Amino acid sequence: MSKKFLSFFWPLLLLLAPIAPAGAQSGHSAPKSYFLLAGTYGPADSNSIFVYRFNPSSGAARWVGAVKGIENPSFISFSPDDRFLYAVSETHGGRGGSVFSYSFNRNTGALRVLNSQLSQGDDPCNITTDQTGKWLFVANYTSGSFTLFPLGKDGRIGQATRKIQDHGHGYDPLRQEGPHVHCVLVAPNDRDVFVSDLGLDRLFTYELDPSTGHLAPGNPPYVSVVAARGPRIPIFSNDHRWIYLIQEMGGTITQFDYHPGKLTTRSTVSTIPAGYSGTFTAADLHCSPDGKFLYASNRDALNDLVWFRIDPKDGHLSFAGSTSSLGKTPRYFLITPDGRFVLVGHQNSGDIVVFRRDAQSGNLTPTPERIPVAHAVCLKLVPAGI
């Protein structure tokens, strides 16, 4: 072919050439498999963190292994680079709870304990890092406090550098007799930090200096929700324009407009069916990967999942559907990165239930897949290296 021909037709050939999917253009493709990790309530002398290899095409999972030596690892979280796993040991009395660090082999799924530290409070129930992976936040539920730890490059947890203790009580004398810190959420800008307190009906705000770990109260230092609703877990919308806060005692989700350094309360919806008079406690919530739906779980007599459409203009939630979780106490769940499956862990029954998800309607359909994990309370999915 002549150079003259190429110079004349080359622009036309570029226009006619098929355009590769975004993942192919960047050299990345969807993982062929993931590792599924489950934190549980279990004694230290038995397996309590479980590892499975998960097939994102079929929804099936294959046993890989488990670790002992940690009691009640009820919440687990990965470092930003997925090299390390951090877990709470939700215990109380004596020296209180602990936090553990593990190295994670993304080729084999093997976990190796690195070290542990006291959590500086009773019943740690949530653990997360900042965006840099230099700082570890731990929420101590019963003590009503949260603790900040430095993280080494080797994944080890250093001595605590800051502990912030909440004070006061809420409306309900049984559930809100004192502060109960439940979750810490770090914003994508790595400066805004939000801390939910179930006992005080408040979402506290802080400003983090990621270079030093210094924490300062936000302005204002907190936003309140309706009394006796019990803030549990806040999450960001996929585009980070809104924060959704699920409230355990009220069975409600409150939406906040988010701007760096500022939250504005917008609206609240219920996760509970109209006219329902039975027992319930709301638990977990996640946005679908396409940002079109928000899913939440209810425990106690309800034991269900409910989902809402997210208005792309203002983030408002509108009810779209619900279904039984097919187990007892769906405390946490996850949505696979492609949005194809929803995996629901059950604290008081013996398995993780796999649902197939319809991207258009948001509807969930149970699959035959059941992953045998007793007392599963926290699920994490990470791409396998091979």
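All of the numbers you see were taken from the coordinates with simple rules; none came from a lab. Just so it is clear, the model here is predicted, and its values are computed rather than measured. Here the Cβ positions follow ideal geometry from the backbone for every residue, glycine too, while neighbour counts run over all protein chains shown.
Observations
- What the phi angles of the range 178-191 give under the Karplus curve with 6.51, -1.76 and 1.60, with θ = phi - 60°, is a coupling list of x, x, 9, 6, 10, 7, 10, 10, 9, 6, x, 6, 6, 10 Hz, glycine and proline written as x.
- Amide H within-cut-off set for residue 42, under 5 Å, with H built and near neighbours excluded: 72
- Pairs of Cα atoms nearer than 8 Å and 6+ residues apart set the relative contact order; for the range 229-305 it is 24 percent.
- Scattering profile of the chain at q = 0.13 Å⁻¹ [log10 I(q)/I(0), Debye over alpha-carbon scatterers]: -1.08
- Prolate/oblate/rounded label for the range 284-386 (Cα gyration tensor, a/c 1.5): oblate
- Selected from 252, 265, 129 as most flexible by GNM, with the chain as the system and alpha-carbon contacts under 10 Å: 265
- Global geometry of the range 220-372, whether rounded, prolate or oblate, following the gyration tensor of its Cα atoms and the 1.5 cut on a/c: oblate
- Residue 214-residue 267 FRET efficiency (beta carbon distance; Förster radius 41 Å; 0.05 resolution): 0.75
- Annotation for residue 241 and residue 314: the two label points, set 7 Å from Cα along the Cα-Cβ direction, are 1.2 nm apart.
- Interchain or long-range residues, amide H under 5 Å from residue 141's placed H: 125
- Residue-by-residue Karplus 3J(HN,Hα) for the range 93-100, coefficients 6.51, -1.76, 1.60, Hz, glycine and proline x: x, x, 8, x, x, 9, 10, 10
- For the range 335-386: rounded, prolate or oblate by the Cα gyration tensor [a/c cutoff 1.5]: oblate
- Set of lysines near residue 32 by C-alpha distance (under 26 Å), chain-local residues within fewer than 8 positions excluded: 292, 380
- When 163, 292 are sorted by how many other C-beta atoms sit within 10 angstrom of their C-beta, beginning with the fewest, the order is 163, 292.
- Length-normalised contact order for the chain - Cα pairs under 8 Å, 6+ apart - percent: 11 percent
- Angle between the chain longest axis and helix 3-16 axis [Cα atoms, degrees, rounded to 10]: 40 degrees
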